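The values are calculated or read from the model by the stated rules, or taken from the named source; none is laboratory data. Values in this document were obtained by computation on a predicted structure and should not be read as measured data. Counting neighbours? That spans all protein chains shown, and the Cβs are built from the backbone with ideal geometry, glycine included.
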Amino acid sequence: MKVDILTLFPNMFSSPFQESILGKAIEKGLIQIRTINIRDYAFDKHQVVDDTPYGGGQGMVMKVEPIARAMEWVKSQASSAWTIYLTPQGNPFNQKMAQNLSNRPHLILLCGRYEGIDERVRELFVDEEISIGDYVLTGGELAAMVLIDAVSRLLPGVLGSDRSAEEDSFFQSLLEFPQYTRPSSFRGMEVPEILLSGNHAAISRWRRMEALRRTWMRRPDLLEKASLSNDDRELLKEIVEQGRGEKIGDGV
Ligand code: 4HQ
């Protein structure tokens, strides 16, 4: 997959894409990421990329001409690319969208700063607007990184082959079950015995149970969308009978 990023801050993208799984995927050529500095397409003497908003008001707006020139240069190389603008006004990003985007050969991500972009950029170049959540960032760069991270790990060969797509889909739209690794005893806290039993059927059932329990306790909204088997419904009945138990804070 090719990803072109239009930004005023290309340096922000260097280290996140050099490390770990994403770094390896780029090294292997599974993802080709390029940054395009919008300022390089501002042709006036001071390379101005922003201006005050028509109608007055606070802050600055990104000018249409530099973005249009940068876009036209990128698109001249791949006219079929899918162009995304990162903004709180966009469709809320989720795993399904990540999956759909992972099937596209070429993405263009436009990162805004200040109060955003001239509306005409949207009309001319943007295929889709995406938000990574209901909060305000200083720019679209971190949002673009979040999107690239979520999409990249779905590309064939990016994660180790030991991770089965089947297992992923079985647990789709459920929260993860608790994980443990050695030591089996730490400060008197024991790993659940069943995980040490070697009984794979029992372990699978326990994990499914705990994934359902977590989801029911923390994100009951996800259970509506999850595809649950009859066995799952039986497990859920048990969970509901056991009660909601320990409750974590709601973060507000
Ligand atoms: N911004 N999800 C404002 C975001 C954002 C988000 C990007 C800040 C666009 C102009 N982007 N600029 N939330 O807060 O994607």
| said: Condition first: of a type in the set (A, V, I, L, M), more than 22 Å from the chain's Cα centre (by Cα) and surrounded by 11 or more Cβ atoms within 10 Å (Cβ to Cβ). Can you find one or more residues in the range 156-176 that meet it? | reply: no
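Mind checking whether some residue in the range 41-48 is away from the ligand (no atom under 12 Å from the Cβ), under 24 Å from Val151 (Cα atoms) and free of Cβ contacts under 8 Å to residues at least 24 places away in the same chain?
Residues of the range 41-48 that are away from the ligand (no atom under 12 Å from the Cβ), as a first pass: 41-48.
The next check asks that each one be under 24 Å from Val151 (Cα atoms); those that pass are none.
For the range 41-48, residues away from the ligand (no atom under 12 Å from the Cβ), under 24 Å from Val151 (Cα atoms) and free of Cβ contacts under 8 Å to residues at least 24 places away in the same chain: absent.
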| said: Tell me yes or no: at least one residue of the range 203-215 is in contact with a Ser or Thr (Cβ under 9 Å, 6 or more places away or on another chain) and on the phi > 0 side of the Ramachandran plot. | reply: no
| note | Scanning the range 107-120 residue by residue, those touching a strand residue (DSSP E or B) at 6+ places or on another chain (Cβ under 6 Å) and surrounded by fewer than 19 Cβ atoms within 10 Å (Cβ to Cβ) turn out to be Tyr114, Glu115
| request: With respect to Leu86, determine if the residue is near the ligand (Cβ under 10 Å from one of its atoms), closer than 20 Å to Asn37 by Cβ and either at pLDDT 95 or above or not in a loop (DSSP other than H, G, I, E, B) (or both). | output: yes
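Yes or no, residue by residue, for (1) loosely packed, with under 12 Cβ neighbours inside 10 Å; (2) over 24 Å from Asn11 (Cβ atoms):
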| site | (1), (2) |
| --- | --- |
| Val48 | no, no |
| Met71 | no, no |
| Ser79 | yes, yes |
| Met97 | no, yes |
| Pro105 | yes, yes |
| Glu128 | no, yes |
| Wholly within the range 168-252, which helices (runs of 4 or more DSSP H) include no fewer than the required count, namely at least 1 residues that are touching a helix residue (DSSP H, G or I) at 6+ places or on another chain (Cβ under 6 Å) and within 28 Å of Leu155 (Cα to Cα)? | 200-218, 220-225
| message | If I filter the range 93-113 down to residues being touching an Asp or Glu at 6+ places or on another chain (Cβ under 8 Å) and within 16 Å of the ligand (Cβ to nearest atom), which single residue comes out as farthest from Asp4 (Cα to Cα)? | response | Arg113
| Restricting the range 126-143 to residues that are assigned to a strand (DSSP E or B) and either modelled with pLDDT under 95 or of a type in the set (Asp, Glu) (or both), the residue that is farthest from the ligand (Cβ to nearest atom) | Glu128
| task | Given the conditions (1) in contact (Cβ under 8 Å) with a residue 60 or more places away in the chain; (2) more than 15 Å from the ligand (Cβ to nearest atom), report the number of the one that Gln77 does not fulfil. | result | (1)
